Amino acid sequence: MKPIATTRSVTGIPTGRLAVWWVITSEIVIFGGVLASYLMHRLGHPEWANYAVHTNTWAGAFNTFVLLTSSLTIVLAHKAAEEGDGRKAFRFIWFTILGGLVFLVVKSFEWTHEIQLGYTITANGFWAFYYTAAGIHAFHVIGGMIIMAILSFQVRRNEELQRVELIGLYWHFVDLVWIFLFPLLYIAK
């Protein structure tokens, strides 16, 4: 028997889905503040364009492709979960986790190279925002991967299949944030 908190909701929205939307709303405030601060500073510091030239646009573009592909795999996991196929959903969840891992590996090579060139978080305001925004995003990628990994083993046993949708909502949000970060940090030179 399921706990009543997962089946009863005054709003008519399942409690888990409502909770995820609350989390996403709070994350919008966090990322919105970082991005708004970045934009305000960027407008006041045209010299930041000279620093942005040193970001690796190809690595950022590749990571964008990786995250968008991982969004597809979590959609396929959700579809499999809705069809009651926990084993198939499990596989797609792990493809999504793999996408997150590829993103982080590329990001670590990218940051290692930039730091070796002297572009550190203390180099100037642009690099401080760059590492802060991308770092907060990377922590969210890691968090999503951990939650997916834990959830995947329940899903493989055909338990808690409805939670695939919930982690999918979160993962799409993480991808959407990257869609904003990529042009601001990599393309706007």
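Listing for the model above:
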{"item": "Subset of the range 52-75 that is under 21 Å from PHE126 (Cα atoms) and of a type in the set (Gly, Ala, Ser) - its residue that is surrounded by the most Cβ atoms within 10 Å (Cβ to Cβ)", "result": "GLY60"}
{"item": "Hey, ILE150 farther than 26 Å from ALA128 by Cβ and either surrounded by fewer than 21 Cβ atoms within 10 Å (Cβ to Cβ) or of a type in the set (Phe, Trp, Tyr) (or both) or not", "result": "yes"}
{"item": "Any hit, the range 60-74, residues being more than 19 Å from the chain's Cα centre (by Cα), closer than 24 Å to LEU184 by Cα and of a type in the set (Ser, Thr, Tyr)", "result": "no"}
{"item": "So GLY84, is it surrounded by fewer than 18 Cβ atoms within 10 Å (Cβ to Cβ), part of a helix (DSSP H, G or I) and out of contact with any Asp or Glu (no Cβ under 7 Å at 6 or more places or on another chain)", "result": "no"}
{"item": "The lone exception for ALA49 - which of (1) more than 18 Å from the chain's Cα centre (by Cα); (2) surrounded by 14 or more Cβ atoms within 10 Å (Cβ to Cβ) it fails", "result": "(2)"}
{"item": "Odd one out for VAL177, checked against (1) under 22 Å from THR15 (Cα atoms); (2) crowded, with 19+ Cβ neighbours inside 10 Å", "result": "(1)"}
{"item": "Complete set of residues in the range 108-123 that are touching a residue at least 60 places away in the same chain (Cβ under 8 Å) and surrounded by fewer than 11 Cβ atoms within 10 Å (Cβ to Cβ)", "result": "LEU117"}
{"item": "Count of the range 91-103 residues which are surrounded by 22 or more Cβ atoms within 10 Å (Cβ to Cβ) and of a type in the set (Phe, Trp, Tyr)", "result": "2"}
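A quick yes/no check of all residues on (1) outside any helix (DSSP H, G or I); (2) under 29 Å from MET40 (Cα atoms); (3) of a type in the set (Val, Ile, Thr):
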| position | (1), (2), (3) |
| --- | --- |
| ILE74 | no, no, yes |
| PHE95 | no, no, no |
| LYS107 | no, yes, no |
| GLU159 | yes, no, no |
| GLY168 | no, no, no |
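Each reported figure results from applying straightforward, stated rules to the coordinates on display, with no laboratory input. Just so it is clear, the model here is predicted, and its values are computed rather than measured. We place every Cβ from the backbone using ideal geometry, glycine too, and count neighbours over all the protein chains shown.
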